[in-house]
Structure formats: C-alpha cells, structure tokens
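Below: one structure, written as structure tokens.
The values are calculated or read from the model by the stated rules, or taken from the named source; none is laboratory data. Just so you know, these numbers come straight off a predicted model, no measurement behind them. For neighbour counting, all protein chains shown are included, and Cβ atoms are generated from backbone atoms with ideal geometry for every residue, glycine included. The accessibility values were calculated without ligands, DNA or RNA, using every heavy atom of the protein model including side chains. Shrake-Rupley method; radii C 1.70, N 1.55, O 1.52, S 1.80 Å.
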Amino acid sequence: MSGMAPHRVHGMGTALEAPAWPAITAAEAETTLALFPDAGRRLDLRWHSPRPFSAATLVQTDAGEFFLKRHHHRLRTPAALAQEHAFMEHLLAAGLPVPEILKARDGTTIVAQGEWTYEVHRKGTGSDLYRERLSWTPFLTPTHAFEAGVALARLHLAAQGFNAPPRGPHPLVASFTILPTRDPLASAAHYIAARPALAAFLKDKPWQQQLARLFASLGQGLSQRLQDQPPLWTHNDWHPSNLLWSSDGAVATVFDFGLAARSCALHDLATAIERTAIPWLQREDEPADAQAAAALLSGYRTLIPLDATDVETLVHLLPLVHIEFALSEVHYFAGILADPAQATLAWQDYLIDHADWFLTPPGREFLERFEREVRS
C-alpha cells in the first residue's frame, strides 16, 4: 500500500474523513492471519474498507481472499463478537449465504491482542457493487430493492430457532427495548442509565421532553402494536453495501452482522426501508423513494406474507425505528471516541431530525405513498 493516498473513511455526512481507527498494516495482517491456520500466507492487502466504526481490509493469500476486521475492545469484546458469530453460524447452517468465519489455532473464531479484537471471514461470492458507496444510500435498481427484500425474508426464515438472549449494552448495536414497552420514555431512561457515557452526554439536554414529544406525535398506539410481535434475531443493518450481488441482480451473500440482535421481523423490515428509501444525506436534492420501499416489501412478501395489520404496524414504526441505534451511536461518539461534536450530530441530526422529517409534508407524503403502493 506504499505510495497510496492516506486512508479515508465515510463520515456522518457525504465527505470522506480521517479514520478514528488506523488502517490495518501489512505486518499486522501477516501476524494476525498466522493465528488462523486456514488463512494461508499473506500476499497482498487488496482494499481497505471505508466503513468508519472499525478497521477492515481484504487480504489476498495463497489460500484465497479473506476479510480481516479489527475492533477496539471497548467496542467489541470477544464475548460480544461471539454473539454475532453464533448467529452467523446458525444462518449458515440453515442455508443462508453468509461468509465462512475462520477458526484460530485455539478453536475460537476471535483473537484478542492487546486493545484489539480480530476476526477473519472468507470472502463471500458475488460482486461488491456498493462497497465504495455510503452505507445509507439507495439501491441502484428496483430489481436490487426487490431482491434485497427476498433475501431479507430468507434471513428471517433461517433465523427461526436461534434463541440466544438479547445482547448487552455494547456501543453500536441495534436493540428493541424501548418502542415495544408500555412506557417508552421510562424504557429510554433505563437504556440511557445503563450507559454512563450516554447519560453524561445527555445530562444537560432536555432529552426527556424531546423524546416525549416524538413518542406523542409519532408513536401513538405503536407500543401496543409491537408488544405481540414474535421476537427474532435479525440483521438490523440491511442496506445494499452489506450485500454481495450476482450478475442477475439477486443477493449472493449477506454480511456485516455487527448490529445483529434480537428484535422482530417488522423492526428489521422497517430498518431496511428507512435506510434505503430515504436519502438522508441528500434530502434536499433527492426525494424519498416510496416505490423502492414498496419493491423491497414486495420481494419480502414472496416468501413471508404480511396482512393488513402488519402493513399498518410497519408504516407506524418507520418514523421511530432508528431511535435505539441512534442512542447507541451517541453512546459510541460520547463514550468511546470522546467526540462531543459527533455525539451532538448523532443526537440532533440523526435521532431527532430524522424522526421530525416524518412530520413534514415530504415525510407524510412518503408514508402515504408507501402505504398506497403496498396495498395496491
């Protein structure tokens, strides 16, 4: 990689930024891969991921191509990462195309070295068409949206029977503990109290009033709708750059289970729609795409039927589905990176403003058009 431009990663906006976590070096990759017998000998670092929350590189060896990923231990301990791997292995055993996780010499799939936690995956099949695109950007074609819906349904079917308990209060993990409760504001207070850095950041902010306003204006009747949803371990980060694609536009491989957790199928569906049909980074230039959202849902329904009540619940959930992950991002920036400016951006621009958008004429129009599309 000598002579190349400095590594840059996706930021909270559209510009590339200097990484919070240094890129994996050739020497580091060689030392780490030596602990994984099936990884072969390192030949070349082919690509550094622009994703910002960890460091990852695609490594070519004499045994194939492998994805080496490194997390800071405050972000992912071996125990926390093991939960993701157990879910992936369950899905793989059920026939879902997810990358093979390599085992280290000690038989585990995770290596801890100092302040770092490492994992190695064999490169999945398919083309990484979206790898340089920002995570929360739209599908390139309606076919991709439809096929992403089909693949999400396959994941939900494969996830059946995985009954691991909920994940702990780790940063940058999705969860489903606030909206389905009888008192979402009290549950939000419990969520925040369990994360001291998040609580400290919000201490001088009127967060109770802000969340109460959102729950009152956007969440009426939602908790009752969600309480009866069957719990299910889900992906929770379903956007096109977490998928590899075949030449006919179908999904060939599903990867990046960093946000996977126990939620429910409708929560995962709403997350997928919210992250792909609404151009959050360029809302002033591009309209929200209700047809793409409907195409994703149409693909999903080819395998898993949804009745009218399910559709109504999905529409009601869309404006608030991001709440817990937004809080987790604030936790990450305030606690792990000690970056109050980015934490403020996550709180105000992501959590509050994204929800408020659904109260604007374009937001209401998107929900209405989406509901009309999926009912027609």
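Brief remarks follow.
- Backbone N atoms of the stretch 227-245 closer than 20 Å to the 7 Å Cα→Cβ label point of Leu303 belong to residues 230-245.
- Cα-based Rg and Dmax for the stretch 227-376, where Dmax is the largest Cα-Cα distance (Å): 15.9, 48
- Both radii were evaluated on the Cα set of the chain; the Rg over Rh quotient, with Rh as the Kirkwood radius, amounts to 0.95.
- FRET E, pair Leu43, Asp349, Förster distance 35 Å, beta-carbon r, rounded to 0.05: 0.25
- Solvent-accessible area per residue, Å², over the stretch 93-219 with all protein chains present [probe radius 1.4 Å]: 47 Å²
- The ellipsoid equivalent to the alpha-carbon distribution of the stretch 158-248 has semi-axes of 28, 18, 15 angstrom, derived from the gyration tensor eigenvalues as √(5λ) and listed largest first.
- The chain - mean residue ellipticity at 222 nm from DSSP helices (-39,500 (n - 2.57) per run, n ≥ 4, rounded to 500): -11500 deg cm²/dmol
- The C-alpha radius of gyration of the stretch 11-126, expressed as a fraction of 2.2 N^0.38 Å, stands at 1.05.
- Only lysines eight or more places from Lys123 in sequence, or on another chain, were considered; those with a Cα closer than 22 Å are Lys69, Lys103.
- Average accessible area per residue (Å²) across the stretch 227-374 - probe 1.4 Å, nucleic acids and ligands excluded: 34 Å²
- Debye log10 I(q)/I(0) at q = 0.21 Å⁻¹ for the stretch 67-223, Cα point scatterers: -1.33
- Taking a Cβ cut-off of under 14 Å around Val59, the surrounding Lys, Arg, Asp and Glu residues balance to a net charge of 0, with basic ones at +1 and acidic ones at -1.
- Taken along the Cα-to-beta-carbon direction at a fixed 7 Å, the label points for Asp248 and Ala82 span 4.1 nm.
- Normalised Debye scattering of the stretch 136-201 at q = 0.13, 0.20, 0.21, 0.27 Å⁻¹ gives log10 I(q)/I(0) of -0.64, -0.94, -0.96, -1.13, counting only Cα atoms as equal scatterers and leaving out solvent.
- The stretch 232-291 shape via C-alpha gyration tensor axes, a/c threshold 1.5: oblate
- Taking the accessible area of the chain, probe 1.4 Å, and keeping the other protein chains in place, the carbon and sulfur fraction comes to 53%.
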